[in-house]
Every structure is written in structure tokens, then in C-alpha cells.
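Comments concern the structure below.
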Amino acid sequence: MTRRLAEVAKKVGVSEATVSRVLNGKPGVSAATRQAVLSALDVLGYERPTQLRGDRARLVGLVLPELQNPIFPAFAEVIGGALAQLGLTPVLCTQTKGGVSEADYVALLLQQQVSGVVFAGGLYAQADAPHDHYRLLAERNIPVVLVNAAIEHLGFPAVSCDDAVAVEQAWRHLASLGHERIGLVLGPGDHMPSARKLTAARAVAGHLPDEFVARAIFSIEGGHAAASRLIDRGVTGIICASDPLALGAIRAARRKGFGVPSQVSVVGYDDSAFMNCTEPPLTTVRQPIEAMGRAAVEVLNAQIGGVSVPSEELLFEPELVVRGSTAQAPRE
């Protein structure tokens, strides 16, 4: 901070005390000097304090890991709509393979002097991924909200669906149908929501053999490959960490000649768009997207307004939606 004051003061030709008064919104500085200090901040690449960013402070970054999974456009619609109601303009940042990285997007958003950033999925959920760009946002005091489980020690507030409750609901549903060999299709080993789901499954199952847990990339193809391994190991009920994974599991069962749900039952997670239109309609655990998205915006707006928000996680209750992809376990 001292170095910044000195550089800006030298650039404008005023005292550091004058720069400090401008940055803190204190009186006693002419309009011309105040504008010169703010312009110097821009030229030197420093962030203006939130309350001094003018019209540009109405921009909020909305960072998504992808758009192929329907859950992310759904979050974007809710969060974007809630921001617009507050007079804030969302800047949509979507990652693509080989394209702009999450860190690059953060750098661009900082250049645009956004008032805050909402991450609806991203590298914060992966323990082994780079996280320096999150620390940069924290150092710049940019308001941030994370949607769904994050690694520890980032220090940002989060709005999450309760992964443990989701797995408990799915597991008890399959168990009530007589399934005893229940497997999981989860994301990579460092994926925090998947880790929470695995912990919950082990707790509710009592004993969950390692061979009944399959890891996958989050795609239909990943679900197909992982579920194929589980089916080969005799699993009759499969709980998946996303709806696309579940669609892949259904495809895997059919390719092996098994009926769904007559021989293999499949449960998804998210209840994203059109899951009631699949064949069979997908039994899944619904994330309360509307409530979560609005809560994320409320927490972000409070930070933008200068309210101190605890860096804690708000947990939202999921809901099991029973459709046609689950049935009584096949008889031996």
C-alpha cells in the first residue's frame, strides 16, 4: 500500500496524504486532483477502490467451467438475472479446452475493474489445480462468491448444495429398492464435491469396496467408461456425480445388453434441463439452483456494499426426484 501511495503521488505530483484521502473518499481534495489520482491508478495498473470505480463498478464477472453440462447455463441464467435486478451487469467467462484459462479471465476482469466475481464451478473445487489467481483476487479485496464445494483456506464465502445429503438420499432410495451392490461414478480424486460424496457414501453404506468407486472426467463419455467398469464388477445400482455421467452410465448398461432400470438402476445429480425427457426419464438429485444462485448474488452484493461477510459456506438441501431410471433390484 505504501509503495502504491508513493508511486501515484509521484505520478500526479501531490503528497501521499492527498492520495490517501482520495482512496478513502475523504473530503478536502479538489475534483481535478481527485480525477488525476484516479487516472494515475489506471495508468499504473492499480485497482480503484470499489466505491470509486464509477460506472465500471457495475460489472460482475461470472466464471463458468463449461456450457456443455446444462447445469452451468442454468446457474448463469439465475445469477445473471439476479445481478441485473440489482443494476449489475454480468460478464460471462466460459472456459474452453485450449482456450482462455480461468487465470486469464481473472486478469481480464481485474483490468475491467469489476466490482466482484461469482465462480459457478472451477479450479477452486480441485485441490491439485493452480489457485494463485484466487489469492490475487483476495489481495485486491475483490468481492468473490464460490458456488459449490471448494478447497479449504481460500477465504471466500461459498454457496453449496449439500453433497452428503444428496448421496444419502440416492443411496437410501436404491437400498429401499433392494439394491445391495451399489457403486459410485465420481469426478477426479482431487474434486472436492466428489470427495464429499464419497465420504457420505462410505458413512451410509458401512462398507463400500474400493472397486465399487469409479473415477471419470465430467462427460457422457467419462460416465460410460466408468460405469462399464462398475457393471463388470457386478454393481446393480449406480449413483453418479452429475447428470451427464448418469446418461453415460445408462448408455454403458445398454451397450452391455442390460436393461435400465430392469437390470441396472442409475441415479444422476443436478436435475438439469431435459432430464425428464430422456429414455428412461432420469432419477436424479436436484440442486436448488434458483435459491443457490440468488443467495450467491445476495452475498456478493453485500460485499460490494462494504458489508463484512464471513468466509463460510451456506449449505442448501437437495431433493431426490424419482423418475424411470431406477427400479427394484434384479433377482439373483
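Length available on full extension from Gln85 to Glu211: 0.36 nm per residue minus the Cα-Cα distance, which gives 40.5 nm. So what's the gap between the Cα centers of the stretch 124-154 and the stretch 213-257, to the nearest angstrom? Measuring centre to centre over Cα atoms gives 31 Å. Phi angles across the stretch 199-212 convert, under the Karplus curve 6.51 cos²θ - 1.76 cosθ + 1.60 with θ = phi - 60°, into 3J(HN,Hα) values of 4, 5, 5, 5, 5, 7, 7, x, 9, 10, x, 4, 6, 9 Hz, Gly and Pro given as x. Each residue of the stretch 294-303 is assigned a 3J(HN,Hα), and the resulting list reads 5, 5, 4, 5, 4, 5, 5, 5, 4, 5 Hz, derived from the Karplus form 6.51 cos²θ - 1.76 cosθ + 1.60 (θ = phi - 60°), x at Gly and Pro. Against the main long axis of the alpha-carbon atoms of the chain, helix 31-44 sits at an angle near 50°.
Amide H to amide H distances under 5 Å link Ala158 with Leu146, Glu312, Glu313, Leu314, where only residues 5 or more positions off or on other chains count and H is placed in the peptide plane.
Sorting Ile220, Ile79 by accessible area puts them as Ile220, Ile79; the probe is 1.4 Å, largest comes first, and only protein heavy atoms count.
Among beta bridges from DSSP that stay inside the stretch 120-258, the antiparallel ones total about 10%.
Annotation: Leu136 carries an accessible surface of approximately 60 Å², with a 1.4 Å probe and no ligand, DNA or RNA atoms counted. Solvent-accessible surface of protein heavy atoms, probed at 1.4 angstrom with all chains present, puts His207, His191 in the order His207, His191, largest first. Label positions at Arg34 and Asn276, each projected 7 Å from the Cα along the C-beta direction, are separated by 5.4 nm. Using heavy atoms of the protein chains and a probe of 1.4 Å, the accessible area assigned to Lys256 is about 80 Å². Spin-label model, Ser15/Arg58: points 7 Å from Cα along the beta carbon direction are separated by 3.7 nm.
When the residues Leu67, Leu59 are ordered by accessible surface, computed with a 1.4 Å probe over the protein chains alone, the sequence from largest down reads Leu67, Leu59. Considering helices alone, the calculated mean residue ellipticity of the chain at 222 nm is -13000 deg cm²/dmol, with DSSP H runs of length four and up weighted by -39500 (n - 2.57) and normalised per residue. Beta bridges per DSSP, both residues in the chain: antiparallel share near 10 percent.
Among the listed values (i) 23, 47, 27, 3; (ii) 30, 46, 18, 5, 0; (iii) 33, 57, 10, 0, the one computed from these coordinates for P(r) over Cα pairs in 20 Å bins from 0, in percent is (ii).
Between amide H atoms placed 1.01 Å from N, distances below 5 Å from Leu59 occur with Thr89, Ser115, all of them 5 or more places distant or on a separate chain.
For the stretch 164-319, the Cα-based Rg and Dmax, in that order, read 16.8, 59 Å. Each residue of the stretch 11-21 was assigned a 3J(HN,Hα) from its phi angle through the Karplus curve 6.51 cos²θ - 1.76 cosθ + 1.60 (θ = phi - 60°); the sequence is 4, 8, x, 10, 7, 5, 5, 5, 4, 4, 5 Hz, with glycine and proline shown as x.
Of the solvent-accessible surface of the chain, computed with a 1.4 Å probe over protein heavy atoms with every protein chain present, carbon and sulfur atoms account for 52 percent. For Val321, nonlocal amide neighbours, meaning residues 5 or more places apart or on other chains whose placed amide H falls under 5 Å from its own, are Thr284, Val285, Arg286. Note on Asp163: accessible area approximately 10 square angstrom, rounded to 10, probe 1.4 Å, nucleic acids and ligands left out.
The values are calculated or read from the model by the stated rules, or taken from the named source; none is laboratory data. In this text, all values refer to a predicted model and were calculated from it rather than measured experimentally. Methodologically, a virtual Cβ is constructed for each residue, glycine included, from the backbone with ideal geometry; neighbour enumeration extends over all protein chains shown. What goes into the accessible areas is simple: the full protein's heavy atoms, side chains included, and nothing from ligands, DNA or RNA. Shrake-Rupley method; radii C 1.70, N 1.55, O 1.52, S 1.80 Å.
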